[in-house]
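Have a look at the structure below, then the notes.
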Amino acid sequence: PTSATAGKRGGAWERLACVPGREEMRGVTSLALLKQGAGKDARPRVLVAGLDGLVSLLCPVGLRRIGRADSAGGSVWAMAVRPRGEADGEEDEDVLALACEDGAVRLFVVDANGVRFHRAFQRAATQRLLCVAWRGDGGALAVGGAD
């Protein structure tokens with residue numbers, strides 16, 4: 001398996017990198033693009049999650065994995081990065097919500113060092129969660145499940 005990363009350069013969309021897949025990354029269900037840092041120091045990042053229950057932070061330019069974390073909730077069916085607001089200031093970390101197999105939403109913090117668990121909410125469903133989305137201001141989450 002292979003993951004491709006596209007981006008805009010000079011106003012036109014083009015493929016920036018092609019990350020070779022690995023056997024353990026089968027069953028990818030979600031991808032998210034991040035830009036960590038500000039201005040000229042901004043670095044592109046790709047988050048990958050899937051049926052194996054793992055979330056990986058990849059550097060598409062260097063073609064390497066920066067960090068990985070286990071969802072601790074089984075397969076990850078969807079993920080969403082919280083929109084940044086004015087209250088976030090210059091912090092260089094993002095909050096990631098995962099919709100998991102066990103019916104719970106889990107939050108992870110993503111920064112330059114990788115991905116780390118932040119907290120889990122009580123189960124929102126008795127079966128798997130299939131989708132998750134942040135409100136535009138990042139102040140609330142919506143989830144949808146199989147039941």
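Quick notes on this structure:
- Residues of the stretch 101-147 classified as part of a loop (DSSP other than H, G, I, E, B) and among the charged types (D, E, K, R), total: 7
- From 51, 58, residue being closer than 18 Å to residue 102 by Cβ, in contact (Cβ under 8 Å) with a residue 12 or more places away in the chain and touching a strand residue (DSSP E or B) at 6+ places or on another chain (Cβ under 7 Å): 51
- Taken over the stretch 20-44, the criterion of being under 25 Å from residue 101 (Cα atoms) and either modelled with pLDDT of 75 or more or in contact with a Ser or Thr (Cβ under 6 Å, 6 or more places away or on another chain) (or both) is satisfied by 21, 27, 28, 29, 30, 31, 32, 33, 34.
- Filter result for residue 141 (farther than 25 Å from residue 15 by Cα and touching a strand residue (DSSP E or B) at 6+ places or on another chain (Cβ under 6 Å)): yes
- All positions within the stretch 58-77 that are modelled with pLDDT of 90 or more, within 13 Å of the chain's Cα centre (by Cα) and open to solvent by less than 70 Å² (accessible area, probe 1.4 Å): 67, 69, 71, 76
- Restricting the stretch 80-97 to residues that are small (Gly, Ala, Ser) and surrounded by 11 or more Cβ atoms within 10 Å (Cβ to Cβ), the residue that is modelled with the lowest pLDDT: 85
The values are calculated or read from the model by the stated rules, or taken from the named source; none is laboratory data. Treat the numbers as computed from the prediction; the structure is a model and nothing was measured. Here Cβ is always computed from backbone atoms with ideal geometry, including for glycine, and neighbour counts include all displayed protein chains. Ligands, DNA and RNA are stripped out before the accessible areas are found, and what is left, the full protein with its side chains, is counted by its heavy atoms. Shrake-Rupley method; radii C 1.70, N 1.55, O 1.52, S 1.80 Å.
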